[in-house]
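I'd like to ask some things about the structure below.
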Amino acid sequence: MKRIVRYLLLVSLALGSAARGAEVTFGVFGDTPYFAFEEAVFPDLIANMSAEPLAFVVHIGDFKSGSSPCTDELFQLRHEQFQRSKHPLVFLPADNEWTDCHRTLAGRMDPLERLAKLRAMFHATESSLGQRTLPLRRQSTDRRFSAYRENMRWTASDVHFVALNVPGSNNNHDRTEAMDEEHTARMAANEAWLNETVRLALTEKARAMVVFFHANPGFARNTNPRTRRDGYITWRAMLAEAATRFDKPILLIHGDSHTHRIDQPLRKQGSDATFPHVTRLEVYGSPITNWSRVTITDTSPAQFRIEPGRKAEGSGP
């Protein structure tokens, strides 16, 4: 009975945080689990977040390593684990789940077929995963972008949240002609979805905006130092344009390079100057199995308070 009462209290607190202008707290994690020791503690990580008063939880992608098979069985296991979350859980696909599935160790599978499977399994309804769900607005409701069910947005406490499919591995760019076509079409969809989100945030006088995506887009570079072309040039420009239009606090949350950091790296277009109202959070990643607690304060302007979550036992350094 005590557990039931405690859980109902936590749910009440989380729902209350969604009131207009109130403080709102959510959890975010990604790039895990990769290895056997992470698999062993992953259920405990979900349970730890479920025990906290959170409005929702977001996994920003890479729920497997790039060298493990992209099987239906693994996808189903992750779906079941995500569904155990007592909070609404939003999942955003990343490179290890689809763009890298062509690799030999990943099963030499078709990336586009794997993306279609992820959409059908994890984005089948107009709500989040989890035991308590969150209503989502999906880009697929626009007939021009009917395929992009993984692009989502929602609001809480006068804050606009948006998730977009921008994966690692150079954003699925410059590998094959077919993948370049996919990259171009998806980035056009991303641009439309981000622009629409900014328009709504301005119209509805949002007090902050949070943007979820997977890839580390290399904020510090203007050109790609590697031999292949930079798949994130247009994405950095889109973010800079969004930050120019929406001059209130913006939080960018991504994973990919497994380096937990909080900074302000987004550059203004054609300049080395950065946007002072834009903060970047890169989540923990393998071999660390942990999550971040993000609170958007009820102050004016809103502030982002970011704290480490409670790691599961045996979850790495």
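Looking at the chain, send over the antiparallel percent of its DSSP beta bridges, to the nearest 5.
Here the share of antiparallel DSSP bridges comes out near 55 percent.
Alpha carbon centre of region 241-287 versus region 24-77: separation in Å?
Taking the Cα centre of region 24-77 as reference, the centre of region 241-287 is 23 Å away.
Of 106, 271, 93, which is farthest along the charge dipole of the chain in the positive direction, counting Lys and Arg as +1 and Asp and Glu as -1 at C-beta?
So the residue furthest toward the plus end is 271.
Right, something else. How large is Rg/Rh for region 116-202, to two decimals, with Cα atoms and a Kirkwood Rh?
Over the Cα atoms of region 116-202, Rg/Rh equals 0.99.
Charges at C-beta only: +1 for Lys and Arg, -1 for Asp and Glu. How large is the resulting dipole of the chain about its Cα centre, in Debye rounded to 20?
Charge dipole, the chain, about its Cα centre: 740 debye, nearest 20.
Quick one: work out Rg over Rh on the C-alpha atoms of region 173-317, Rh as Kirkwood radius.
When Rh is taken as the Kirkwood radius, the ratio is 0.99.
With a 1.4 Å probe and all protein chains left in place, how much of the accessible area of region 110-247 comes from carbon and sulfur atoms, in whole percent?
Accessible surface attributable to carbon and sulfur in region 110-247 totals 52 percent.
Could you give the alpha-carbon Rg of the chain over 2.2 N^0.38 Å, rounded to two decimals?
0.94
Which of 154, 33, 168 sits farthest toward the positive end of the charge dipole of the chain, with +1 on the Cβ of Lys and Arg and -1 on the Cβ of Asp and Glu?
154
Hey, what do the phi angles of region 259-272 turn into as Karplus ³J(HN,Hα) couplings, whole Hz, using 6.51/-1.76/1.60 and θ = phi - 60°, x for Gly and Pro?
Each residue's phi maps through the Karplus curve to give 10, 5, 7, 9, 7, 9, x, 6, 8, 6, 4, x, 8, 8 Hz.
Mind listing the long-range amide H neighbours of residue 68? Cut-off is under 5 Å, sequence gap 5 or more, other chains count too, H placed in the peptide plane at 1.01 Å from N.
HN-HN under 5 Å from residue 68: empty list.
Could you tally the net charge around residue 126, taking each other residue with its Cβ under 10 Å from the Cβ of residue 126, Lys/Arg +1 and Asp/Glu -1?
Surrounding charge for residue 126 is +3.
With every protein chain kept in the model, how would you rank 238, 109 by accessible area, 1.4 Å probe, largest at the top?
Most to least solvent-accessible, the answer reads 109, 238.
Run the helix sum for the chain: -39,500 (n - 2.57) per DSSP H stretch of 4+ residues, divided by residue count, reported at 222 nm to the nearest 500 deg cm²/dmol.
About -10000 deg cm²/dmol.
Here's something else I'd like to know. How would you order 277-284, 160-167, 120-127, 182-189 from highest to lowest mean count of nearby Cβ atoms within 10 Å?
160-167, 277-284, 182-189, 120-127
Would you work out which of 56, 129, 262 lies farthest towards the positive end of the dipole of the chain? Charges go on Cβ: Lys and Arg +1, Asp and Glu -1.
The listed residue farthest towards the positive side: 56.
So, one more: Under 5 Å between amide H atoms, partner at least 5 residues away or on a different chain: which partners does residue 127 have, H built in plane at 1.01 Å?
Residues meeting the amide H criterion: 136.
Just tell me, in residue order, which DSSP H segments of the chain are both 15 angstrom or longer along the helix axis (alpha-carbon based) and at least -1.0 in mean Kyte-Doolittle hydropathy.
2-16, 36-50, 111-122, 177-203, 233-245
May I have the count of lysine pairs in the chain with C-alpha atoms under 21 Å apart, counting pairs 8 or more residues apart or located on different chains?
6
Which value in nm describes the separation of the simple spin-label points at residue 105 and residue 188, placed 7 Å from the Cα toward the beta carbon?
The two pseudo-label positions are separated by 3.6 nm.
The values are calculated or read from the model by the stated rules, or taken from the named source; none is laboratory data. Predicted, not measured: the structure shown is a model, and the values here were computed from it. Cβ sites come from the backbone with ideal geometry, for glycine too, and all protein chains shown count toward neighbours. Just so you know, the surface numbers come from the protein's heavy atoms only, side chains and all, with ligands and any DNA or RNA stripped out. Shrake-Rupley method; radii C 1.70, N 1.55, O 1.52, S 1.80 Å.
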